[in-house]
Amino acid sequence: MILTGTIRKMQTELKETVQYYLVFRDNFLHVNQLLDKNITLKHVANECLNCSLDKKIWRQGFCYDCFTDIPQAGDWIMKPELSRAHLDEEDRDLEYEKKVQLKPHIVYLANSSNIKVGVTRKTQVPTRWIDQGAHEAVAILETPNRYLAGIAEVALKDHVADKTNWRKMLTNDVVDEDLLRCRESLLQYIPQEAQEYILDNEKEWQIKFPVLEYPKKVTSVNLAKTPQHNGKLKGIKGQYLIFEDGKVMNLRSHEGFVVEMIVI
């Protein structure tokens, strides 16, 4: 089988084991079905996810010009506390920013390699946790806008991590944690203006990933440096492909790459 398409983050479906799909312009691929098969990935071109031009990808699948201009790449994306649409203040495009920022957001704890705090739009639960490779997660707050979620996250970052150790996540060097107990211990640190949005009786989500064999050590595949990679697929976790030789490929860091994929 030979397919050519532009990489975007895999779409996911939470079932007993997470189901992964690579969606191209004219077709899609159920990635779970590729487990234990040999795959060749060859970088043949670029396609900016905004302007669609064959230009060097800068970040998040965008070329430099688009990344520094479009609202989808504003600073408030990575730092929710910088959101200003609730004040009617524009960053790059107020209409877009209102559409995204003035929606319900969830502040959560997730365990990928350690307990971390994060923010996501309510519509992205549980997709956000799957994308991070979290095997367990629990919500803390549901706020009416991104700003309130952001200031709550900033306050909680003084007491719990906000980053994932991707190497530990991919080698499965993780332990189960009592997220509910950790959640309770953190409630006292939530800012006063966000306290009314604390959720009650939240369940702990459990997520299982399609991995046949975890590597003991991992090495990143970077198609920008080495345009072709061959390997037998042994697992999928977060937005990573895990190969038999311990090589791992982060599809998020390859968004906007046009690849030719050969599956044997």
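The values are calculated or read from the model by the stated rules, or taken from the named source; none is laboratory data. Computed from a prediction, not measured in an experiment: that's the story for all the values here. Cβ atoms come from the backbone with ideal geometry, glycine included; neighbour counts cover every protein chain shown.
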Point to revise | Flag if Lys103 is part of a helix (DSSP H, G or I), surrounded by fewer than 16 Cβ atoms within 10 Å (Cβ to Cβ) and not aromatic (Phe, Trp, Tyr) | key: no
Study note, to complete from the structure: Within the stretch 232-253, the residues that are more than 20 Å from Lys9 (Cα to Cα) and small (Gly, Ala, Ser) are Gly246
Point to revise | Hits in the stretch 118-155 (condition: free of Cβ contacts under 8 Å to residues at least 60 places away in the same chain, surrounded by fewer than 23 Cβ atoms within 10 Å (Cβ to Cβ) and of a type in the set (A, V, I, L, M, F, W, C)) | key: Val125, Ala155
Review point. Which condition number does Glu177 fail, the rest of (1) at pLDDT 95 or above; (2) not in a helix (DSSP H, G or I) being met?
Key: (1)
Exercise for review: Give the residue, chosen from Glu213, Glu184, Glu196, Glu202, that is within 20 Å of Ala139 (Cα to Cα) and in a loop (DSSP other than H, G, I, E, B).
Suggested key: Glu202
**Study point:** Sole residue being in contact with a Phe, Trp or Tyr (Cβ under 7 Å, 6 or more places away or on another chain) and at negative phi, chosen from His135, His159
**Key:** His159
Check your understanding: If the Cβ limit is 6 Å and pairs must be 6+ apart or interchain, which residue in the stretch 253-264 that is assigned to a loop (DSSP other than H, G, I, E, B) pairs with which residue that is surrounded by fewer than 16 Cβ atoms within 10 Å (Cβ to Cβ)?
Key -> Ile264/Asn38
Practice item. Can you give me the number of residues within the stretch 16-51 that are over 22 Å from the mean Cα position of the chain (by Cα) and part of a loop (DSSP other than H, G, I, E, B)? Key: 5
**Study point:** Unmet criterion (only one of (1) surrounded by 14 or more Cβ atoms within 10 Å (Cβ to Cβ); (2) touching a residue at least 24 places away in the same chain (Cβ under 8 Å)) for Asp91
**Key:** (2)
Check your understanding: Within the stretch 250-264, how many residues turn out to be touching a strand residue (DSSP E or B) at 6+ places or on another chain (Cβ under 6 Å) and within 20 Å of Lys55 (Cβ to Cβ)?
Key -> 5
Exercise for review: Considering only residues that are basic (Lys, Arg) and part of a helix (DSSP H, G or I), look in the stretch 128-163 and name the one that is farthest from the chain's Cα centre (by Cα).
Suggested key: Arg146
